[in-house]
Amino acid sequence: MTAPASSAVPAVILAHDGEAISLEEAAATAAAGPVRDALKAALSWAHVAWSKRFGKPAGLRSGEQFDAYTAELAARIRAVGIDPVAVLLDFAQRARVLGADQGLIEAGAPRIDLGSDVREETRRHIDEAVGTARAKIAEAADLVEGLERGSFKTINRQLAVADQAGNIVERTARTVTNDELNEGLAAAADHVGGRLVWIAERDACVMCLALSGHVIEPGDAFDWRLTFGAKAYPPKDYNAAGELVEIELERPPRHPYCRCRVSPWLGHDEAAARAVTHDWAEAIKEADAKGDTVAADAARRAAAAARDSAAFDLPAALRREAERSILNGYALPSESERIRVQAADRLLARIGAGKNSRSPSGWQVPASVKKRAERALKKGTFSTRSVPTGRK
């Protein structure tokens, strides 16, 4: 992952984010890849067999030859094996361990084994999703076999139902990996006695950005009602009966394909920041006495860096960065620009037009940022929706 130019997220968390995304991608490929490959083979057979038996794909076909073709294709579809449970559980466990290790590092604590057992909710989620994927394949086979006449375009339309199976497995792989990663991060926070701070990517959805920088105590829940958009939607998960029900938002993911994470937060220590500056006071005094301006300037810079590091208020920086993202229109292609424009409009209204007006997080928004957002609102579009990845 390339670090964004003005990200408020510390480098160690950005590096950990990259590790988590790599694991998520591997999980999606390992779980959904075999399903898609098998379905692709069935579709390839369908195309070749149609050409041999009926010639051009256009035109309606029926009769005994058509019935034999659809029966064989249906049998091939039913033979597609859907058994990614073990793979999904393996990656869920790996994500749990990775999250715990990352959380301990982010908290500055020594590594300790915090376990790899996944939640029962995760197991139920996997079982439910795999069952749904199997049902989609069976449905596609039934639709194909039930055809009395059709063209190859008709066959493709029925097979599209089976394609949903791969999408379901992939979505499940990404969700349970992120879910268990955050379980591990929460376990690390609990181990070190820290709180949890929500960290959203800079092009996250308007709901997740509204949570970025918010901190909760162990056992509490984040406020899912927060959003930069017009409406927030409650998170859901599977209960013991396998039913999808509303739940408390204890940690990410907030929705499918969500890549938000939490991190242990021990707070920022301004007293320590002031104390660490004193460590450099003698060095600065000696350099000044010798007339060594280079050494004196270097010591002052080191003192300032130490002070800023110790006093860095990550939650405040994240909330400020989230508001900046809304005003800049950063978004993934999956989120409509209309939603982003309306979010920027609402945020600007809350900030107000005053020269020294502040955002809801207390950030004094630069005039240049407000003007750029106002121009985008007039045009109804942002000049760029991509997060910059480096300085020019």
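The values are calculated or read from the model by the stated rules, or taken from the named source; none is laboratory data. Here the structure is a predicted model, which is why all the values come from computation and not from measurement. Neighbour counts run over all protein chains shown; Cβ positions are idealised from the backbone, glycine included.
Of note:
- Of all residues in the range 119-168, exactly one satisfies the criterion of being closer than 20 Å to residue 95 by Cα, touching a Lys or Arg at 6+ places or on another chain (Cβ under 8 Å) and without any contact (Cβ under 8 Å) to a residue 40 or more places away in the chain, namely 168.
- Residue list for the range 256-272, restricted to those being closer than 21 Å to residue 14 by Cβ and modelled with pLDDT of 85 or more: 257, 258, 259, 260, 261, 262, 263, 264, 265, 266
- Checked against the criterion of being assigned to a helix (DSSP H, G or I), under 34 Å from the mean Cα position of the chain (by Cα) and not basic (Lys, Arg), the candidates 99, 115, 81 yield just one match: 99.
- Complete set of residues in the range 373-392 that are part of a helix (DSSP H, G or I) and either touching a helix residue (DSSP H, G or I) at 6+ places or on another chain (Cβ under 7 Å) or acidic (Asp, Glu) (or both): 373, 374, 376, 377
- Output for the range 42-77, where each listed residue is under 19 Å from residue 139 (Cβ atoms) and out of contact with any Lys or Arg (no Cβ under 7 Å at 6 or more places or on another chain): 43, 46, 70, 71, 72, 73, 74, 75, 76, 77
- For residue 304: the one exception among (1) at pLDDT 65 or above; (2) touching a His at 6+ places or on another chain (Cβ under 8 Å): (2)
- Residue that is assigned to a helix (DSSP H, G or I), at pLDDT 95 or above and surrounded by fewer than 22 Cβ atoms within 10 Å (Cβ to Cβ), where the choices are 87, 144, 161, 169: 87
- Here residue 37 meets each of (1) surrounded by 14 or more Cβ atoms within 10 Å (Cβ to Cβ); (2) out of contact with any Leu (no Cβ under 9 Å at 6 or more places or on another chain); (3) not small (Gly, Ala, Ser) with one exception, condition (1).
- If you check 180, 145 for being acidic (Asp, Glu) and within 23 Å of the chain's Cα centre (by Cα), only one passes: 180.
- Members of the range 194-225 that are in a loop (DSSP other than H, G, I, E, B) and within 17 Å of the chain's Cα centre (by Cα): 200, 201, 202, 203, 204, 205, 212, 213, 214, 224
- Failed criterion for residue 93 (all others in (1) under 26 Å from the mean Cα position of the chain (by Cα); (2) at pLDDT below 95; (3) part of a helix (DSSP H, G or I); (4) of a type in the set (S, T, N, Q) hold): (2)
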